[in-house]
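This report refers to the structure that appears directly beneath it.
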Amino acid sequence: MTNSNLIIVLIVIISCVIVFVIVKWVFNIWRQAKIISFLTPAITELSPFYKLLEILFDHSHAMERHSPLTTIDQHIKRAVIGITPEGIQSFPVHSGRRNSHYPMLYAIDTAKKLWKEQTLQKKISYKLRFDKTIGFVTKRFTKVRVETKMAIVVINENGLVVTAFPILELSEKTNNVIDLKLVDSNYLDKNILGK
């Protein structure tokens, strides 16, 4: 083997090592970015996140299936093949995910107040329409994602929130829809979270 061939082999080996190191570095950055983007809603909205856990714990799937901690791919899977974000095989359905914890906390708080005003304590579904987008719904049997301003909150006869999630906006006029103005986090911190 001549010196020039040896140099070429060394250059190829060094180039491969450099490419490997760069690819590994890029992959690590990508992986860290994915983890951070997954955790960001819980970190940046810590107070409403904990309040929702307190309200929904042990009797609702709203956090596992509809929170900003779920991924778009999980909602596509649910809409197309029926696997819920927590991995349970079910039937394909429209799959809703909220963008933030604050609107859902506001919707739940409003629904609970309305439920307490009822003379007959029974299971009730409340449809709420915000003035701004609160999340998206992936349509059943498709990968089509539609932004929505609507949510539903279901409260059982014991006053527990069974579920709460974004729903497709209804094109026709709907009775019994509660209109809400999307308030800022300062309002919610003061009036719901007691800060």
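The values are calculated or read from the model by the stated rules, or taken from the named source; none is laboratory data. Note that the structure is a prediction, hence the values are computed from the model and not measured. As a convention, Cβ positions derive from the backbone with ideal geometry for all residues, glycine included, and neighbour counts pool all protein chains shown. Heads up: the accessible areas ignore ligands, DNA and RNA and are worked out on the full protein's heavy atoms, side chains in. Shrake-Rupley method; radii C 1.70, N 1.55, O 1.52, S 1.80 Å.
Do we find that Phe165 is within 16 Å of Ile76 (Cα to Cα), surrounded by fewer than 17 Cβ atoms within 10 Å (Cβ to Cβ) and out of contact with any Ser or Thr (no Cβ under 8 Å at 6 or more places or on another chain) in this structure? Criteria not met by Phe165. For first residues located in region 42-61 and touching a residue at least 60 places away in the same chain (Cβ under 8 Å), partners that are of a type in the set (Ser, Thr, Tyr) and surrounded by 13 or more Cβ atoms within 10 Å (Cβ to Cβ) and lie 6+ apart or on another chain with Cβ distances below 7 Å form the pairs Glu45/Ser100; Glu45/Tyr102; Pro48/Tyr102; Ser60/Thr163; His61/Thr163.
Loosely packed, with under 12 Cβ neighbours inside 10 Å, in contact with a helix residue (DSSP H, G or I) (Cβ under 9 Å, 6 or more places away or on another chain) and either modelled with pLDDT of 90 or more or farther than 24 Å from Ile167 by Cα (or both): is that true of Ile43 in this structure? Criteria met by Ile43.
Can you say whether Val26 is in a helix (DSSP H, G or I), more than 12 Å from the chain's Cα centre (by Cα), at negative phi and modelled with pLDDT of 75 or more, as far as the supplied structure shows?
no
Given the residues Val80, Val12, which is the only one that is part of a helix (DSSP H, G or I) and at pLDDT below 90?
Numbers: Val80 fails: at pLDDT below 90.
None of the other options fit; the residue is Val12.
In summary, Glu86 fulfils each of the numbered conditions (1) surrounded by 16 or more Cβ atoms within 10 Å (Cβ to Cβ); (2) closer than 18 Å to Phe49 by Cβ with the single exception of condition (1).
For region 130-145, check the following and say yes or no: at least one residue is touching a residue at least 60 places away in the same chain (Cβ under 8 Å), open to solvent by less than 90 Å² (accessible area, probe 1.4 Å) and of a type in the set (Lys, Arg). Yes.
Residue count for region 114-127 under the criterion of being assigned to a helix (DSSP H, G or I) and closer than 15 Å to Asp179 by Cβ: the result is 1.
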